[in-house]
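Here is the structure we will look at.
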Amino acid sequence: MKTVVVGMSGGVDSSVAALLLKEQGYNVIGLFMLNWEENDASGACTADSDYADVRRVCSLLDIPYFSVNFAKEYSERVFRHFLDEYAAGRTPNPDVLCNREIKFGPFREYALSLGADYIATGHYCGIDHNADGRHYLLKAADGGKDQTYFLNQVTQPQLENVLFPLADLPKEEVRRIAVGRGLATAQKKDSTGICFIGERNFRKFLMEYLPAQSGKILTLDGEEVGEHVGLMHYTIGQRRGVNIGGKSGESGRWFVVKKDLANNILYVSHGDESPLYSKSCLVTGLNWIGIDPPKSPFECTAKLRYRQSEQRVTVMPTEDGADVIFADRQRAVTEGQYAVFYDEARCLGGGVIDKVIY
RNA sequence: UGGGGUGUCGCCAAGCGGUAAGGCACGGGAUUUUGAUUCCCGCAUUCGUAGGUUCAAAUCCUGCCACCCCAG
């Protein structure tokens, strides 16, 4: 009997993943991972209730479970970079790094050290361990939940021995299974927010780690229209939170269109969103999944932000990355986010958006 | 100080005698394993202020106050 270690977060998805593997005849072990240590007002660790759910589910499934602490690794390999990016005025995506640096890194190694033949997660995506020796990352059947965007940085060695039990299941089906089997996590609300840090007042959270410097908000014409609370608190394309009211004679909304770190100025546009549209971007830190690094230009589809529909692009490899030319101008492409490439059902990998060309 | 104009929600802004539109902002929610975007809901018993006319006023009249513009 093959042994598989399932990364369990205490949510429905990983619970059902464990359940399915158990039904498929694997020797299943649940592994809960603590990546962020913080106590709430009453002194209780905020991850305790999640681990409690993991225990309930594992008990019901009659499988052993363990807990590991990767808080130190998370802090050094994900969170630090996250803060550096904000300090640089960019908009990082820590969850992409969390997968490469933690879940498919130390976590995977630890799981295998337990004697596992496979490791599995509750990600909505699929994998094809092809006879050609390559591991192809596939989009989830449930397009609305597909999470390959967050896995664009995982490497071939990291994908070895990996199973994604939820590949073909719509979210509703996962819920249905959980309810049908009486899993404690069946009705649990989907988690959102930065994984392992969770939902919280983002501004206050960031301010605990980075100094904020307020400054002027200007229009592209140079008119002063307000004051910002620190450039790190804004992202390109953002509307809410800018705190600027009506403008004489016009009824549009204000959008963040540019950040000038050197002068600590936030630029906004009223009504007109055209300044947000760009024609290409430079991507670095490329990781290719299941294909050799391209040497010549090719066309494919790409997501420039999670939950965006795929867009047609041309990828032109360069010395240290690629120029990605958009077939149609794209709105609010943001430095620090990832450009993730697709070829039909396959996710080809991706890289960090380093510079946007308007 | 003369002459003119304006004062309606934090910001724009309708209304012009019949019992306070709308937009933005803001708050809440839905969606979402990245602060967004998008969507839904909420948001002035009150119209600078004090009186008066009227069945009825933010809308008419009068005093006062504030601000703006032109004169000087």
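Every number in this text was worked out from the coordinates using simple rules, so none of it is lab data. Bear in mind the structure is a predicted one, so any value in this text is a computation, not a measurement. In this analysis, Cβ positions are derived from the backbone assuming ideal geometry, glycine residues included, and neighbour counts consider all displayed protein chains.
Among DSSP bridges having both ends in chain A, what percentage is antiparallel? Round to the nearest 5.
Rounded to the nearest five, the antiparallel share is 75 percent.
For the range A:9-35, backbone nitrogen atoms closer than 14 Å to the point 7 Å from A:Lys2 Cα along Cα-to-C-beta are found at A:21-29. Taking label positions 7 Å along the Cα-Cβ direction at both A:Thr301 and A:Arg181, the computed distance is 3.1 nm, reported to one decimal.
Mind checking the full-extension length gain between A:Asp260 and A:Tyr277? Use 0.36 nm per residue of separation minus the Cα-Cα distance, one decimal, nm.
Working: separation 17, 0.36 × 17 = 6.12 nm, distance 1.78 nm.
Roughly 4.3 nm would be gained on extension.
Any chance you could run the full-extension gain for A:Ser67 through A:Leu220? It's 0.36 nm times the residue separation minus the Cα-Cα distance, nm to one decimal.
Stretched out fully, the A:Ser67 to A:Leu220 stretch lengthens by 49.9 nm.
Between the helical axis of A:48-61 and the longest alpha-carbon principal axis of chain A there is an angle of about 40 degrees. With neighbour counts taken as other beta-carbon atoms within 10 Å, the residues A:Arg329, A:Arg100 rank, fewest first, as A:Arg329, A:Arg100. Once both labels are positioned 7 Å from their Cα atoms along Cα-to-Cβ, the gap between A:Asp343 and A:Glu23 label points is 3.4 nm. The simple spin-label model puts a point 7 Å past each Cα toward its Cβ; for A:His81 and A:Arg134 those points are separated by 2.4 nm. Each distinct pair of alpha carbons in chain A adds a 1/r term; the inverse of their mean, the Kirkwood radius, is 21.9 Å. Each of A:Lys295, A:Lys259, A:Lys279 has some number of other Cβ atoms within 10 Å of its Cβ, and from fewest to most they run A:Lys295, A:Lys279, A:Lys259.
Mean residue ellipticity at 222 nm, helices only, chain A: -5500 deg cm²/dmol; runs of at least 4 DSSP H residues each add -39,500 (n - 2.57), and the sum is divided by the number of residues.
Just want the ordering: A:Met207, A:Met8, A:Met33, from fewest to most Cβ atoms lying within 10 Å of their own Cβ. Mind dumping the intermediate values first?
Working: A:Met207 15, A:Met8 31, A:Met33 24.
Going from least to most buried by this count: A:Met207, A:Met33, A:Met8.
The mean sequence separation of alpha-carbon pairs under 8 Å and at least six residues apart, normalised by the residue count of chain A, gives a relative contact order of 16 percent.
You can think of it this way: the chain between A:Arg253 and A:Ile291 has 9.3 nm of extra reach, that is 0.36 nm per residue less the Cα-Cα gap. Within the same chain, lysines fewer than 8 places from A:Lys303 are excluded, and of the rest, those with a Cα less than 19 Å from its Cα are A:Lys139, A:Lys145, A:Lys279, A:Lys355.
Contact order, relative form, for the range A:235-358: 27 percent (alpha carbon pairs under 8 Å, 6 or more residues apart, mean separation divided by residue count).
Can you pull out the trypsin sites (Lys or Arg not before Pro) in the range A:108-199 whose DSSP state is coil and whose Cβ has at most 10 other Cβ atoms within 10 Å?
Details: sites: A:Arg108, A:Arg134, A:Lys139, A:Lys145, A:Lys171, A:Arg175, A:Arg176, A:Arg181, A:Lys188, A:Lys189; in loops: A:Arg134, A:Lys145, A:Arg181, A:Lys188, A:Lys189.
Answer by residue number: A:Lys189.
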